[in-house]
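What follows is calculated from the coordinates using simple rules that are stated; it is not laboratory data. Bear in mind that the values here come from a model prediction, so they are computed numbers and not experimental data. Virtual Cβ from ideal backbone geometry, glycine too; neighbours counted across all protein chains shown.
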Amino acid sequence: MHVSPDTVGVSEWLSDGSITEGSRINRKRMVERLEQVNHAKIDQLLDDIVSDKLSVYSVSKRFVDSIRPNLATTTVYGQRSMLPGLWESVLGESNFSRRTFDRLVPIVTFTLQESNYSNPRTTRWRS
């Protein structure tokens, strides 16, 4: 893989002035978790991705699968949603496919639990 010339470094992506301070903090936390789960610093992960030892999809899937059991569904969704921006920014759009990402690192599904209680609008009372 060849990194596109139209990219930024991880530190630039993390300190992007066009987003809020809260978003920068969230990005930093996500990268820290990504490093933890993959047992390597982000620079090492990127080197391994560029040298085709790892893929962005396997790194991403390992990350999402590891946080899914421990975090709220909306948090997992938010953390996952930052990954495409990271990979496109530091590797280039030509080295990342959102379609492949969606297939290999599926979006968290929201499920509704059916209540044991009857809906009063649809319940018919017998006399």
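Calculate the spin-label point distance for Ser97 paired with Ser51, positioning each point 7 Å from the Cα along the beta-carbon direction, and give it in nanometres.
2.6
Taking the C-alpha atoms of the range 10-104, how large are the radius of gyration and the largest Cα-Cα span, Dmax, in Å?
Considering the range 10-104 through its Cα atoms, Rg and Dmax are 12.7, 34 Å.
Express in nm, to one decimal, how much length is gained between Ser18 and Ser4 on full extension, taking 0.36 nm for each residue of separation and deducting their alpha carbon distance.
Going from the current span to full extension adds 2.9 nm.
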